[in-house]
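Everything on this sheet refers to the single structure shown next.
Quick note: the coordinates plus some simple rules give every number you see, no bench work behind them. What you are looking at is a predicted structure, and each value in this text was computed from that prediction instead of being measured. As a convention, Cβ positions derive from the backbone with ideal geometry for all residues, glycine included, and neighbour counts pool all protein chains shown.
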Amino acid sequence: MHTQVNGITIAYSDQGTGLPIVFLHAFPLNRTMWATQENALSSQFRIITLDLRGHGESDAPLWRYTLDQAADDVCALLDHLAIQRALFVGLSMGGYILLAFYRKYAARMKGLILADTRAQADTAEGKDGRFQMAQIAYKKGPSAIADIMIPKLLSPATIQARPEIVQKVRAMIEGNQISGIAGDLMAMAERPDSIPLLAQITCPTQIIVGKLDQATPPSDAELMAEKIPGARITIIPNAAHLANLEQPEAFNQIVASFASDLLK
Ligand code: MLT
């Protein structure tokens, strides 16, 4: 399905009934990274996934991107769907956007799941890396970005033995436009430090991280769990950054159990 928000077209899926759970994908992927979650959880819950601005079937305007703007797009989609409050799940960049969303729209958040993400801003070196990657995207195209990103997103065991997952990730990355990839990199480089926000998060929060995640390692997850009042943390073995794709059963079980507890 498609709708107009904030002057652009956003593509989304809306499956099932019950507690709404909104999933925000990672950089530089799209909403189909949540296909297994959608299939497994939509018999119990209302599962909403969207292609963020710059990704998949949504528009990727050539202009400035910010995480606040992504949060505004998500809020406008909730309005369109007449959803007042939801459980939100964000993985990596999706998590950065949820921290921006919480700053602006905390009242819309019934619960929060932050997966394979971090609260810190980029270091100076990290920002420089974003700029270099944007230049590679511009000069060589999305397949060069896939070559760089796949070893950061998936564990060596997955890369070696599960070609269908590698192929799926590559197809998602290669389906994006340069304007969206560069836009995300700019938005992530400019994001503020969210550590001071963590103590103010009052909704129930679950942190998830793949034990082998090197992009946003378990130490980043532990820091968030320490600072967010009452947050739970679960570390998934045999998973790297895209824990939901590498260990879907474990990931789905954590989301389902957290969502069920929210309804008690
Ligand atoms: C992501 O998976 O969204 C990215 O690795 C996040 C980042 O580059 O900081």
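Quick notes on this structure:
- Of the trypsin sites (Lys or Arg not before Pro) found in the range 194-232, those in coil by DSSP whose Cβ has at most 16 other Cβ atoms within 10 Å are Lys211.
- Helical content alone sets the calculated 222 nm signal of the chain at -14000 deg cm²/dmol, taking -39,500 (n - 2.57) per DSSP H segment of four or more residues and averaging over every residue.
- Each residue of the range 33-38 was assigned a 3J(HN,Hα) from its phi angle through the Karplus expression (A = 6.51, B = -1.76, C = 1.60, θ = phi - 60°), giving 5, 9, 4, 5, 5, 4 Hz with x at Gly and Pro.
- Here Lys127 is the anchor, and the lysines within straight C-alpha reach of less than 27 Å, apart from those fewer than 8 places off in the same chain, are Lys104, Lys139, Lys140, Lys152, Lys211, Lys227.
- Residues with amide H under 5 Å from that of Thr117, placed H, sequence gap 5 or more: Ser92
- Lys, Arg +1 and Asp, Glu -1 on Cβ, resulting dipole of the range 2-262 about Cα centre, debye, nearest 20: 140
- In Hz, Karplus ³J(HN,Hα) per residue of the range 23-30 (6.51, -1.76, 1.60; θ = phi - 60°; x = Gly, Pro): 10, 10, 7, 8, 7, x, 10, 7
- Summary value for the range 134-186: 51 percent relative contact order, contacts being C-alpha pairs under 8 angstrom separated by 6+ residues.
- Kyte-Doolittle mean at least 0.0, axial Cα span of 18 Å or more - DSSP H helices of the chain: 67-80, 248-262
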